[in-house]
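Since the structure comes first, as structure tokens, the remarks are kept for the end.
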Amino acid sequence: MSVGVDGWMDGLRIPVNLTYDVFDGKGESTPLVFLHGLFGSKSNFHSIAKSLVQRTGRKVLTVDARNHGNSPHSPALTYDAMAGDLKHLLAQLHIEKCVLIGHSMGGKTAMTTALTQPGLVERLVVVDISPAQSTARTNFRFYIQALQKVKISSDIPRSTARRMAEDQLRSLVKERSVRQFLLTNLVELNGHYAWRVNLEAISEHLDNIMSFPHFDTVYEGPTLFLGGASSAYIRISAKSRIHTLFFAPTIFFCLYTAHDLPDVLLPPHRLHSRSSSEDYPEIQRLFPNADIQYIPDASHWIHADKPLDFISSISSFLQS
């Protein structure tokens, strides 16, 4: 038997056993499950998970996708395969329903799961990604090439290895925050240093990862699309960027400060949905009960840029 690049073995879908961390809450409500983005890992959401356990009392899981973190490598890296992995994990843990929260690639996996297995998803949060086909330029192909060029000596301290890797990345990846993010994937294996992400599989499937499968099904559960106002991944129309305010029910700019109100959100100013997001028609087609919220001064990595705002937005959504 052999596994193809699409993840099928002799006509049968073979899921991988995902690694995960659990943060136990005392409440009986549906657990929250976090799915990270490309080059990320379950640890990206550890501090967020701990805060949400305290706020909501819910159990929270953070999960490593295949070819990421400590999860197994596979030649397949499709959204169908990743959604299958998640379904397999939830079955193993006897979780019949969850609140799915996915960032970027994880958001697309979450959307795929909701559209193909809606019974598993009580609520859906999609973080800074859209089902609409985007023309936004990304640097992910460049990041892959940069990581592949890094050469590190064997049998040296981890701190030295990390410093060597960053020195080599510095000329290729200008943003320090991005370098630090990529360097979380540097691991030591038997005295040798390597990248724990499967660069070959990511490179092979990158075009598909950057797009989203076509679906004719609908997920009717409560859904929140949470975008960074400084990001291009959930596109804001030019008209909305000049802050023309309307009072419509579907999309809203979040103009609060979580530092001032850690447990309560101010009523947000609302913007007309169709003029506020270029991606709204496709979002509405697949997720008719979706709201879209933008967090000011946040980039694609909302949870890192504005963690308190991110936590407050999710807490409010869970209570709505």
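The values are calculated or read from the model by the stated rules, or taken from the named source; none is laboratory data. These numbers were taken from a predicted model, which means no experiment stands behind them. Virtual Cβ from ideal backbone geometry, glycine too; neighbours counted across all protein chains shown.
Here the stretch 169-193 is the region considered, the condition is being modelled with pLDDT of 95 or more and part of a loop (DSSP other than H, G, I, E, B), and the residue that is surrounded by the fewest Cβ atoms within 10 Å (Cβ to Cβ) is T184.
In the stretch 61-71 there is no residue that is modelled with pLDDT under 95, part of a strand (DSSP E or B) and either of a type outside the set (V, I, T) or at negative phi (or both). The numbered conditions (1) within 24 Å of A76 (Cβ to Cβ); (2) in a helix (DSSP H, G or I) are all true for T138 except (2). Only one entry of R123, R58 meets the criterion of being buried (at least 21 other Cβ atoms within 10 Å of the Cβ), more than 21 Å from P288 (Cα to Cα), assigned by TED's automatic domain parsing to the domain that holds D21 and charged (D, E, K, R), and that entry is R58.
Here are K50, K108: which of them is charged (D, E, K, R), out of contact with any Gly (no Cβ under 9 Å at 6 or more places or on another chain) and not in a strand (DSSP E or B)?
Values: K108 fails: out of contact with any Gly (no Cβ under 9 Å at 6 or more places or on another chain).
So the residue among K50, K108 that is charged (D, E, K, R), out of contact with any Gly (no Cβ under 9 Å at 6 or more places or on another chain) and not in a strand (DSSP E or B) is K50.
T160 falls short on exactly one of the conditions (1) hydroxyl-bearing (S, T, Y); (2) under 24 Å from W195 (Cβ atoms); (3) in a loop (DSSP other than H, G, I, E, B), and that condition is (3). With respect to I101, determine if the residue is modelled with pLDDT of 95 or more and either on the phi < 0 side of the Ramachandran plot or aliphatic (A, V, I, L, M) (or both). Yes. Could you check, for the stretch 119-135, whether at least one of its residues is at pLDDT 95 or above and in a helix (DSSP H, G or I)? For the stretch 119-135, residues at pLDDT 95 or above and in a helix (DSSP H, G or I): present. Consider S153 carefully, then state whether it is outside the structural domain of G40 (by TED's automatic domain parsing) and in a loop (DSSP other than H, G, I, E, B). Yes.
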